[in-house]
Amino acid sequence: MTHFVEEFPGRIIKTDKGEFLYFGGTAYLGLQTQLEFKELFIDNIKKYGTNYGASRKSNIRFSIYEKVEQYLSKLVGSESCVTLSSGYMASQLVSRFFTSEEYTCYHTPLTHASLFQAEQQFYESYEQLQEDLNKNPKNTIPVVLLDSIDFIGNNYPDFNSLKKMDLSTTILIVDDSHGLGVLGAQGEGIFKILKQLNAKELIVCGSLGKGFAIQAGVIFGSSKRIKALTNTSFFGGASPASPASLATLLEAEAIYTIQRKKLFENNNYLSKKLSNYSLFTKAGNHPTFTFMDEKLTEYLFKNNILVTSFNYPEKNSPLMSRIVVSAHHTKKDLDVLVKIIDSYILLSDKS
């Protein structure tokens, strides 16, 4: 069911079908509606303008880009990084770069569409991917692409399927859109975890919109790789992220820390409450609870709770639903949610 809104939803969402307690979306830190964060963003818009439509290759350049990229590289633990206008642009730049005959690409199950080019498809299973990877043409470099968070636990937190592979000759490309700003003690995501897989080369890309609440994307990797990516016409011909957005990221560290603490507390609280229910799949410490039961989604809706629920990755795919916990939720919100889930399970057991 599609719901239309006229303003950004917080813990409460107002739609064309009424008002609901909202456990969906990707505003993990609840910053899009947080007053202090919005005021900081507005101040930066006053300084940097609403948009910057020039190339990063222009002879007139904002210094904020290099400052933020140095900050993010240090935070994540990568040698270098570059920002772009969105996570989709970041993933497309990386995946496009590896489409030459020099490389053979392998997309793991449920890889996001942003990492695809042309007629590429993801594998239905890691077993089939491993089989084909073993047969990789000797004159090409294998490139494995995946999402860090696939919401069903195949990847983060353990990456067990990848651990079974010899990645010493493989370039590993990971979209960490749902980890950046959210996972790790400082919101650094999963770059350091992936480094332990000892791939030939590691590239991590993703959105800064979900965890850091700004419209921008980023690519992390070696200095040599980042330089090669930024020397492409794809990068040079595109407008960059808004400098106001990036300045806000740099200046909001204290706000991010406070909101991340709230998120961790809410996630831990709900995880304990729902730990005995086999209905849900939990990907490590990520603040989402995935389920495939359409009747639960309907029951929650009837009880004025709206969750993320859509066919993924295509319209004919199974309906995947998830409860998303945010820093803006209160303990009362979480208790209401648990009470309704309990009542649903009780009714299901009786029927």
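What the table below lists for this structure:
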item	result
Among residues of the range 1-18, those that are in contact (Cβ under 8 Å) with a residue 12 or more places away in the chain, farther than 19 Å from residue 261 by Cα and in a loop (DSSP other than H, G, I, E, B), counted	7
Conditions (1) part of a loop (DSSP other than H, G, I, E, B); (2) in contact (Cβ under 8 Å) with a residue 40 or more places away in the chain; (3) surrounded by fewer than 20 Cβ atoms within 10 Å (Cβ to Cβ); (4) not basic (Lys, Arg); number of the one not met by residue 65	(1)
Failed item in (1) of a type outside the set (Ser, Thr, Tyr); (2) open to solvent by 40 Å² or more (accessible area, probe 1.4 Å); (3) modelled with pLDDT of 90 or more, with residue 116 passing the rest	(2)
Verdict on residue 83 being buried (at least 20 other Cβ atoms within 10 Å of the Cβ), without any contact (Cβ under 8 Å) to a residue 60 or more places away in the chain and under 21 Å from the mean Cα position of the chain (by Cα)	no
Selected residue [under 28 Å from residue 260 (Cα atoms), touching a Phe, Trp or Tyr at 6+ places or on another chain (Cβ under 9 Å) and either in a helix (DSSP H, G or I) or not polar (S, T, N, Q) (or both)] from 40, 31, 93, 21	31
Yes/no for residue 301 being surrounded by fewer than 19 Cβ atoms within 10 Å (Cβ to Cβ) and under 19 Å from residue 27 (Cα atoms)	no
Tabulated pairs, the range 319-342, first without any contact (Cβ under 8 Å) to a residue 40 or more places away in the chain, second buried (at least 19 other Cβ atoms within 10 Å of the Cβ) and of a type in the set (D, E, K, R), C-beta under 7 angstrom, 6+ apart or interchain	none
Condition broken by residue 100, with the remaining ones in (1) open to solvent by 20 Å² or more (accessible area, probe 1.4 Å); (2) in contact (Cβ under 8 Å) with a residue 60 or more places away in the chain; (3) not in a helix (DSSP H, G or I) satisfied	(2)
Test: residue in the range 159-168 that is within 20 Å of residue 28 (Cα to Cα) and either of a type in the set (Val, Ile, Thr) or open to solvent by less than 30 Å² (accessible area, probe 1.4 Å) (or both)	no
Members of the range 119-149 that are assigned to a loop (DSSP other than H, G, I, E, B), in contact (Cβ under 8 Å) with a residue 12 or more places away in the chain and either surrounded by fewer than 16 Cβ atoms within 10 Å (Cβ to Cβ) or in contact with a Ser or Thr (Cβ under 7 Å, 6 or more places away or on another chain) (or both)	120, 121, 123, 124, 125, 136, 137, 140
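The values are calculated or read from the model by the stated rules, or taken from the named source; none is laboratory data. Just so it is clear, the model here is predicted, and its values are computed rather than measured. Because the Cβ atoms are built from the backbone with ideal geometry, glycine has one as well, and the counts that use them run over all protein chains shown. Keep in mind that these areas ignore ligands, DNA and RNA; they rest on the heavy atoms of the full protein, side chains included. Shrake-Rupley method; radii C 1.70, N 1.55, O 1.52, S 1.80 Å.
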